[in-house]
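This report concerns only the one structure given below.
The values are calculated or read from the model by the stated rules, or taken from the named source; none is laboratory data. Here the structure is a predicted model, which is why all the values come from computation and not from measurement. We place every Cβ from the backbone using ideal geometry, glycine too, and count neighbours over all the protein chains shown. Side chains included, ligands, DNA and RNA excluded: accessible areas come from the protein's heavy atoms. Shrake-Rupley method; radii C 1.70, N 1.55, O 1.52, S 1.80 Å.
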Amino acid sequence: MNAPRSWIGNSPRVEIKNIEIEDKGKFRIEGALSIREKSLGGAIQLGLAREYLEWLPRLQEVFPREKAGYFWTTVHLSGTIDQPEQDLSPRVIEALKESPGAFLGLTFRLIRDWLKDAFGE
């Protein structure tokens, strides 16, 4: 990961390019981002293994590309470093709205995982 710093006028700018983060068989992130003053911008490619997306209805609409064992989507970053924003959550929420059963399944899965953490297997 490269993180060159440059200064433009009186405002600091940090650019992070060639981001490559992977937990093999689980997820991979590729892309770039920049911070100018406190503004955040950039786009990353997020790849997730199928097993982490089984709960998501309309998988191909949210993660339209399949490559190297992952389903991929582009996530645009914006906002500020104090309040970062991304455009993936609204797409996932929209897919869940159209499939209440998937939403309930996800909710029960989260509750199950929380109970396992709290009380053990």
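Given a cut-off of 23 Å, name the pairs among K24/K67; K26/K97; K67/K116; K17/K38 whose C-alpha atoms lie farther apart than that in the structure shown.
K26/K97; K67/K116
Restricting to Cα pairs below 8 Å that are 6+ residues apart, what does the relative contact order work out to for the chain? Please round to a whole percent.
Over the chain, the number comes to 17 percent.
How tilted is helix 100-119 with respect to the longest principal axis of the chain? Cα atoms for both, answer in degrees (0 to 90, nearest 10).
90 degrees
Given only helices, namely DSSP H runs of n ≥ 4 each adding -39500 (n - 2.57), what is the per-residue ellipticity at 222 nm of the chain, to the nearest 500 deg cm²/dmol?
Taking each H run of at least 4 residues, the total per residue is -8500 deg cm²/dmol.
Which percent of the accessible heavy-atom area of the stretch 32-121 goes to carbon and sulfur, probe 1.4 angstrom?
59 percent
Does anyone have the angle between helix 88-97 and the longest principal axis of the chain? Alpha-carbon axes, 0 to 90°, nearest 10?
20 degrees
How much net charge surrounds F63 when only the other residues with a Cβ under 10 Å from the Cβ of F63 are counted, with Lys and Arg +1 and Asp and Glu -1?
Result for the neighbourhood of F63: +2.
Provide the per residue accessible area, probe 1.4 Å, for the stretch 12-105, rounded to a whole number of square angstrom.
Accessible area per residue: 60 Å².
Per the Debye formula with a single identical scatterer at each Cα and no solvent contribution, what log10 I(q)/I(0) holds for the chain at q = 0.13, 0.18 Å⁻¹?
Reported log10 I(q)/I(0), two decimals: -0.68, -1.04.
Given the C-alpha atoms of the stretch 73-121, compute the convex hull and give its volume per residue in Å³.
Roughly 117 Å³ of hull volume per residue.
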